[in-house]
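Contents: one structure, followed by commentary.
The values are calculated or read from the model by the stated rules, or taken from the named source; none is laboratory data. What you are looking at is a predicted structure, and each value in this text was computed from that prediction instead of being measured. When we count neighbours, we look across all protein chains shown, and the Cβ atoms used for this are built from the backbone with ideal geometry, even at glycine. Heads up: the accessible areas ignore ligands, DNA and RNA and are worked out on the full protein's heavy atoms, side chains in. Shrake-Rupley method; radii C 1.70, N 1.55, O 1.52, S 1.80 Å.
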Amino acid sequence: MLELAAVRPPTAIGIAGLATMLLGLILVLISQAAMGESWRIGVDETEHTALVTHGVFALIRNPIFTGMGVVLVGQLLAVPSLTAAAALAAFTAAVQIQVRAIEEPYLLRTHGEAYRSYAARTGRFLPLIGRWRPTDK
């Protein structure tokens, strides 16, 4: 096996990692609260929730996933290991597939032009990055 234990980072990096994890968790919780009645896990074609575009969702279309990614970046800083790096890579790939192949098509079917307009002005995971262009979707 390539790895039996994590590498111990310098104390300042470990603390920065813990702080990053806390910030990611806070983003997840704030984002879930902002969704209110629209909070759900997965896609249910029979369920039609409101399109949330206020609060942190005014800057990022997927702030919950962003917060989860920030937690994993913090984990990699706090406990650097191949396992932590693999977890971050796997999460990043899985979220890209989930959002692009499942969530966005569902939201476009459900909310139509309102979602298209929202996606054109709001970044996918970071502000301004991943906005839809007029030729998208």
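Numbers at a glance
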quantity	calculated
Every residue from segment 31-41 that is exposed (fewer than 15 other Cβ atoms within 10 Å of the Cβ) and either in contact (Cβ under 8 Å) with a residue 60 or more places away in the chain or part of a helix (DSSP H, G or I) (or both)	Q32, A33, G36, E37, S38
Checking R8 against (1) out of contact with any helix residue (DSSP H, G or I) (no Cβ under 7 Å at 6 or more places or on another chain); (2) closer than 22 Å to H111 by Cα, the condition it does not meet	(2)
Close pairs (6 angstrom Cβ cut-off, 6 or more residues apart or separate chains): under 11 Å from L76 (Cα atoms) in segment 1-30, open to solvent by less than 60 Å² (accessible area, probe 1.4 Å) and at pLDDT below 95 anywhere	A6/S81; V7/P80; P9/P80; G14/A78; G17/A78; L18/A78
Residue check for V70: buried (at least 19 other Cβ atoms within 10 Å of the Cβ) and closer than 19 Å to V28 by Cα	yes
Matching residues in segment 94-106 - criterion: being closer than 19 Å to G67 by Cβ and surrounded by 13 or more Cβ atoms within 10 Å (Cβ to Cβ)	V95, Q96, Q98, V99, E103, E104
Qualifying helices (runs of 4 or more DSSP H) (wholly inside segment 47-137; at least 1 residues being under 30 Å from I13 (Cα atoms) and in contact with a helix residue (DSSP H, G or I) (Cβ under 7 Å, 6 or more places away or on another chain))	63-78, 82-97
Subset of segment 44-66 that is within 16 Å of the chain's Cα centre (by Cα) and hydrophobic (A, V, I, L, M, F, W, C) - its residue that is most open to solvent (accessible area, probe 1.4 Å)	L59
Top-ranked residue of segment 8-25 - restricted to ones that are open to solvent by less than 100 Å² (accessible area, probe 1.4 Å) and assigned to a loop (DSSP other than H, G, I, E, B), ranked as modelled with the highest pLDDT	P10
Any hit, segment 53-60, residues being free of Cβ contacts under 8 Å to residues at least 60 places away in the same chain and over 22 Å from M21 (Cβ atoms)	yes
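For every residue, the table says whether it meets (1) in contact (Cβ under 8 Å) with a residue 60 or more places away in the chain; (2) in contact with a Leu (Cβ under 9 Å, 6 or more places away or on another chain).
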site	(1), (2)
V79	yes, no
T83	yes, no
E104	no, no
L107	no, yes
G123	yes, yes
L126	yes, yes
